[in-house]
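Quick notes on the structure that follows.
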Amino acid sequence: MDILSVIGVVLASIAIIGGSILKGSGVKALVGPAAFVIVVIGTFAAITLQTPLKTFMRAMSIAKWVFKPPVADSHAIITKIVDWSNTARKQGLLGLESAVETEQDEFMKKGLQALVDGGEPDAIRTVLEVELETRTHGDTQAAKVFEGMGIYAPTLGIIGAVMGLMAVMQNLSDPSKLGHGIAAAFIATIYGIGFANLMFLPMANKLKSIIHDQTQMRMMCIEGIISIAQGENPRNIEQKLHGYLH
C-alpha cells in the first residue's frame with residue numbers, strides 16, 4: 001500500500017470539504033448532481049472518444065497502482081541474477097533450465113530461456129529491449145489517459161458553469177432564486193478543477209513514476225542476463241547491477 005497516496009486523498013478531501021465549511025458554505029454547497037453529470041460523465045466521454053479501447057482498458061487496470069504499486073525487490077532480483085551467474089559458471093547455461101521452470105516473472109523468464117537456448121548476447125538484448133520498449137510505451141500511453149482527463153475536466157467545469165448561469169438568466173424575474181442558482185453554477189467549476197488537480201493529474205504523474213521505476217528494473221535485468229551470456233564474473237555482475245539502485 002502506498003501510504004502517500006492515501007494521505008494525499010485524505011488531505012485533498014480535507015482541503016475541499018474543510019475549506020467549504022470554513023468559508024461558511026457548508027458541505028451541502030458542494031453537492032451538485034447536474035454538475036457531476038456534466039463534468040465526470042463529460043470527461044469520460046471525451047477521453048473514450050480520444051483513446052483506443054486497448055489503451056483505455058489498460059489504464060483502468062493499472063489505476064490501482066496508485067495505491068498498490070507492483071512489488072519489486074531490486075536487491076532480491078540482483079541476488080537471483082548473481083545466483084544464476086554462479087550456476088552458469090559451474091554447470092553451464094543448461095544448468096539454468098530448472099530456474100526457467102520456477103521463475104514467475106514473464107520478462108525475466110523469457111530472457112533466462114533465451115540464455116538456456118544458447119542465444120547470442122546481442123540477439124538476446126535486442127529481443128528483450130524491443131519487448132521492454134513496447135511494454136513501457138503501452139503503459140505510458142495508459143497513464144496519459146488520466147492526464148487527458150485532467151486536461152478535459154476543467155473545461156467541462158467551465159461548460160457546466162456557463163450552463164448553470166444560463167439557467168440563472170432565465171430566472172432573473174425571481175430574485176429569490178438568483179443566489180442559489182449562481183452558487184450552483186460554480187459547483188461545476190469546482191468539480192472540474194478539483195478532479196483535475198487533486199485526482200487525475202496526480203494519478204497520471206504517479207503512474208508515470210511507477211512505470212519509469214519498472215523500466216529501470218527491467219533494464220537492470222537485461223544487463224544482468226546479458227552479462228551472464230557473456231560469461232562475466234558473478235562479483236563484477238553484482239557490482240554492475242548495484243549501480244542501478246542509486
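Key figures for this structure:
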| read-out | value |
| --- | --- |
| Out of 148, 164, sole residue that is under 25 Å from the mean Cα position of the chain (by Cα) and within 26 Å of residue 38 (Cβ to Cβ) | 148 |
| Selection status of residue 97, more than 22 Å from the chain's Cα centre (by Cα), touching a residue at least 12 places away in the same chain (Cβ under 8 Å) and in a helix (DSSP H, G or I) | yes |
| Residue 68, sole failed condition from (1) in a helix (DSSP H, G or I); (2) modelled with pLDDT of 90 or more | (1) |
| Segment 115-139 - residue that is hydroxyl-bearing (Ser, Thr, Tyr) and surrounded by fewer than 15 Cβ atoms within 10 Å (Cβ to Cβ) and, of those, farthest from residue 56 (Cα to Cα) | 126 |
| Check on residue 103, charged (D, E, K, R), modelled with pLDDT of 90 or more and within 30 Å of residue 208 (Cβ to Cβ) | no |
| Residues of segment 119-173 that turn out to be outside any helix (DSSP H, G or I) and not small (Gly, Ala, Ser), as a count | 4 |
| Residue among 34, 12 that is under 27 Å from the mean Cα position of the chain (by Cα) and either outside the structural domain of residue 195 (by TED's automatic domain parsing) or in contact (Cβ under 8 Å) with a residue 24 or more places away in the chain (or both) | 12 |
| Some residue of segment 116-123 being on the phi < 0 side of the Ramachandran plot and in contact with an Asp or Glu (Cβ under 7 Å, 6 or more places away or on another chain) | yes |
| Whichever residue in segment 1-54 is in contact with a Lys or Arg (Cβ under 9 Å, 6 or more places away or on another chain) and surrounded by fewer than 16 Cβ atoms within 10 Å (Cβ to Cβ) and, among such residues, is nearest to residue 186 (Cα to Cα) | 4 |
| Residue under evaluation residue 82, criteria (1) under 12 Å from residue 228 (Cβ atoms); (2) modelled with pLDDT under 85, criterion not met | (2) |
| Residue list for segment 229-246, restricted to those being assigned to a helix (DSSP H, G or I) and within 12 Å of residue 125 (Cα to Cα) | 229 |
| Any hit, segment 71-83, residues being buried (at least 16 other Cβ atoms within 10 Å of the Cβ), over 30 Å from residue 223 (Cα atoms), touching a residue at least 40 places away in the same chain (Cβ under 8 Å) and among the aliphatic types (A, V, I, L, M) | no |
| Residues (touching a Phe, Trp or Tyr at 6+ places or on another chain (Cβ under 7 Å) and either under 19 Å from residue 61 (Cβ atoms) or of a type in the set (S, T, N, Q) (or both)) located in segment 198-221 | 200, 203, 204, 207, 210, 216, 218 |
| So residue 234, is it at pLDDT below 90 and buried (at least 17 other Cβ atoms within 10 Å of the Cβ) | yes |
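The values are calculated or read from the model by the stated rules, or taken from the named source; none is laboratory data. Quick caveat, the model's predicted, so the values are computed rather than measured. Note that we place each Cβ from the backbone using ideal geometry, even for glycine, and neighbour counts take in every protein chain shown.
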